[in-house]
Amino acid sequence: MSKDVKSLQELIENNRKWASDISEKDPDFFPTLAKQQAPDYLWIGCSDSRVPANEIVGLLPGELFVHRNVANMVVHTDMNLLSVLQYAVEVLKVRHIIVCGHYGCGGVAAAMKNQKLGLIDNWLLEIRDLYHDKQDMFKGLRSESEKVDTLCELNVVRQVNNLSHTSIVQDAWAKGQKLAVHGWIYGLKDGKVNNLNVTVNESNQLSDIFRLDIDSK
Ligand code: CO
């Protein structure tokens, strides 16, 4: 048996143990969950393997609706993101959307360099724009990692704003639906999440230019 196949077999064995451990504690867990999901949270995070959504916040299957991409981006023309967002907000009626970035993000770091990587350069272009627009904030920072980490935070704030500007989120607010968009950042070095305190709860918090006139009737 090749090494690759053996390691895949291990994954299946891990899965069997995981499933039986849960079923032992709560025999109804999977049958109940199979009928419906009712998560309160939508998580938008980085694809980075070191930032596993459920584990970080101690949530079980069924408790977190998840969308991940490189550098936890909210791109307004991304049908994948928009579909997840609409389903989470309009059908599942999640109460909170959490954009969770992480320090030391490779996608963010790549957006600060001039090296050409391929298709990903276009995906990360909005972060490069952000870096360009906020140049002043980087002047006092000496180390490369400080710069990357600062841009990681700025990127989370930008994505929180991007989410708040969507018609999907603003429609929910206009209907009186309780929905908060939060910006968090995760530390790879200590495993801790920090709240960046940029939560948006209502359209009044948006700049006039982004506020949509929505007939809520
Ligand atoms: Co990342």
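Among the residues of segment 174-202, how many are buried (at least 22 other Cβ atoms within 10 Å of the Cβ) and part of a helix (DSSP H, G or I)?
Residues that pass the stated criteria total 0.
Please specify each residue of segment 203-214 satisfying the condition of being in contact (Cβ under 8 Å) with a residue 12 or more places away in the chain and assigned to a loop (DSSP other than H, G, I, E, B).
LEU206, ARG211, LEU212, ILE214 - these are the residues of segment 203-214 that are in contact (Cβ under 8 Å) with a residue 12 or more places away in the chain and assigned to a loop (DSSP other than H, G, I, E, B).
How many residues does segment 176-202 hold that are without any contact (Cβ under 8 Å) to a residue 40 or more places away in the chain, more than 22 Å from LYS93 (Cα to Cα) and of a type outside the set (D, E, K, R)? Full working, then the answer.
If we filter segment 176-202 for residues that are without any contact (Cβ under 8 Å) to a residue 40 or more places away in the chain, which is where we start, we get 190, 192, 194-195, 197, 199, 201-202.
Subset that is more than 22 Å from LYS93 (Cα to Cα): 190, 192, 194-195, 197.
Restricting the remaining residues to those that are of a type outside the set (D, E, K, R) gives 194-195, 197.
The qualifying residues number 3.
Cβ-Cβ under 9 Å, sequence separation 6+ or interchain: first residue in segment 1-20 and within 16 Å of PRO61 (Cβ to Cβ) and surrounded by 10 or more Cβ atoms within 10 Å (Cβ to Cβ), partner modelled with pLDDT of 95 or more and of a type in the set (Phe, Trp, Tyr). Which pairs?
ALA19/PHE30
Out of everything in segment 138-169 that is of a type in the set (Lys, Arg) and assigned to a helix (DSSP H, G or I), what residue ends up being nearest to the chain's Cα centre (by Cα)?
Per the stated criteria, the residue is ARG158.
List pairs: first in segment 38-59 and within 16 Å of the ligand (Cβ to nearest atom), second assigned to a loop (DSSP other than H, G, I, E, B) and among the small types (Gly, Ala, Ser), Cβ under 7 Å, 6+ apart or cross-chain?
Final answer for the pair search is CYS46/ALA71.
Quick one: what pairs do we get from segment 64-93, first residue at pLDDT below 95, second part of a helix (DSSP H, G or I) and more than 16 Å from the ligand (Cβ to nearest atom), C-beta under 9 Å, 6+ apart or different chains?
These pairs meet every condition: HIS76/LEU82; HIS76/ASN162; HIS76/HIS165.
Just a yes or no: is a residue in segment 123-136 farther than 23 Å from ASP78 by Cβ, assigned to a helix (DSSP H, G or I) and either away from the ligand (no atom under 14 Å from the Cβ) or not small (Gly, Ala, Ser) (or both)?
Checked against the condition, which is being farther than 23 Å from ASP78 by Cβ, assigned to a helix (DSSP H, G or I) and either away from the ligand (no atom under 14 Å from the Cβ) or not small (Gly, Ala, Ser) (or both), segment 123-136 yields at least one hit.
For residues that are more than 16 Å from the ligand (Cβ to nearest atom) and closer than 27 Å to PHE30 by Cβ, tally how many sit in segment 60-94.
Counting residues in segment 60-94 that are more than 16 Å from the ligand (Cβ to nearest atom) and closer than 27 Å to PHE30 by Cβ gives 16.
The values are calculated or read from the model by the stated rules, or taken from the named source; none is laboratory data. Everything numeric in this text was worked out from a predicted model, so none of it was measured. Every residue, glycine as well, gets a Cβ built from its backbone with ideal geometry; the counts of neighbours run over all protein chains shown.
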